[in-house]
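The values are calculated or read from the model by the stated rules, or taken from the named source; none is laboratory data. Since we're looking at a predicted model, the values are computed, not measured. Glycine also receives a Cβ, built like all others from the backbone with ideal geometry; neighbour counts cover every protein chain displayed. Side chains included, ligands, DNA and RNA excluded: accessible areas come from the protein's heavy atoms. Shrake-Rupley method; radii C 1.70, N 1.55, O 1.52, S 1.80 Å.
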Amino acid sequence: MRFPDGTLDDGTVLLRLWEPDDAGWYAETARDPDIQRWTTELADLDERRVRGAIADMVRTRAALGTVITDAATGERLGNAGLAPAGDDPTTGEMSYWLAPAGRGRGAATRAVRLLVGWARECGMRRVELHAHLDNVASQRVAERAGFTRGRVVPDFRVVKGESWTVVFYDLNLA
């Protein structure tokens, strides 16, 4: 996967690669009740593990992980990532979450659109994502960013002891 040079920026939000100095913020923010409810983030995530994950991401370059920031102030607003979906390098799988300070500002939609543009530039033909069936906010982000709602899969996976039903979304880039 070829990564963008520098940052992705639309004038309102700026995406930049995660850095070791962001690890404490990430670990603390991931404990937010909504992030815990709608993501697979571990409740006991700590700065050391996040630093290790950032180092692995930089070393392997198997996925693009970005911090969503306010383009004017640099305030951290959330997390957005894109990775190849399985063995198909032309299909990406996207994920995102917002810190409480980032919610209600359109930051997730803007971040998703920026990552979609980058995916297109690096030759991906399709981007997928999925959201918990009850996570209406995440579904709205996907739809505002141009994704098409697809199948609903009951019992898709068990997360934190709970069986998740998810809604799949995709966006054709070709």
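Which of 80, 72, 63 moves the most in a Gaussian network model of the chain with Cα springs under 10 Å?
72
Evaluate the Kirkwood expression for the hydrodynamic radius of region 1-96, namely the inverse of the mean inverse distance over all pairs of different C-alpha atoms, and round to one decimal in Å.
Numbers: mean 1/r = 0.0707 Å⁻¹.
Result for region 1-96, one decimal place: 14.1 Å.
Which whole-number percent gives the relative contact order of region 1-136, counting Cα pairs below 8 Å spaced six or more residues apart?
25 percent
Using a 1.4 angstrom probe, figure out how much accessible area the chain has per residue, in square angstrom, rounded to the nearest whole. All intermediate terms of the calculation are to be shown ahead of the outcome.
Working: 8860 Å² over 174 residues.
Using a 1.4 Å probe on heavy atoms only, each residue of the chain averages 51 Å².
Could you give the length gained by full extension between residue 46 and residue 10, i.e. 0.36 nm per residue of separation minus their alpha carbon distance, to one decimal place? Could you put the intermediate results ahead of the total?
On the way: separation 36, 0.36 × 36 = 12.96 nm, distance 3.11 nm.
Between residue 46 and residue 10, full extension yields 9.8 nm more.
Which shape class applies to region 53-151: rounded if a/c is under 1.5, otherwise prolate when a/b exceeds b/c and oblate if not, where a ≥ b ≥ c are the square roots of the Cα gyration tensor eigenvalues? It would help to have the intermediate numbers written out before the result.
Details: a/c = 1.67, a/b = 1.11, b/c = 1.50.
Taking the square roots of the gyration eigenvalues as a ≥ b ≥ c, region 53-151 is oblate.
With all protein chains present, how much of the accessible area of region 55-148 (probe radius 1.4 Å) comes from carbon and sulfur, to the nearest whole percent?
Here carbon and sulfur together make up 49 percent of the probe-accessible area.
In whole Å, what are the extents of region 24-72 along the principal axes defined by its C-alpha atoms, from largest to smallest?
30, 30, 18
With the crude spin-label approximation of a point 7 Å out along Cα→Cβ, what separation in nm comes out for residue 55 versus residue 37?
Here the answer is 3.5 nm between the modelled labels.
Taking the Cα atoms of the chain, what is the range of coordinates along each of the three principal axes, in descending order and whole Å?
39, 38, 32
So what are the ³J(HN,Hα) numbers for region 129-136, from phi and the Karplus equation (6.51, -1.76, 1.60; θ = phi - 60°), rounded to whole Hz, Gly and Pro as x?
Result, rounded to whole Hz: 7, 9, 9, 4, 4, 8, 8, 5.
Report, in whole Å, the centroid distance computed from the Cα atoms of region 47-123 and region 12-29.
If you average the Cα positions of each part, the centres end up 10 Å apart.
Let me cross-check residue 171: its accessible surface, 1.4 Å probe, with only protein heavy atoms counted, in Å² to the nearest 10?
Its heavy atoms expose roughly 30 Å² to the probe.
Springs between alpha-carbon atoms under 10 Å, Gaussian network over the chain: tell me which of 112, 127, 153 tops the mean-square fluctuations.
Largest GNM mean-square fluctuation: 153.
Each residue of region 57-63 in order: what ³J(HN,Hα) in whole Hz does its phi give by Karplus 6.51 cos²θ - 1.76 cosθ + 1.60, θ = phi - 60°, with x for Gly and Pro?
The phi angles translate into 5, 5, 5, 8, 6, 7, 8 Hz.
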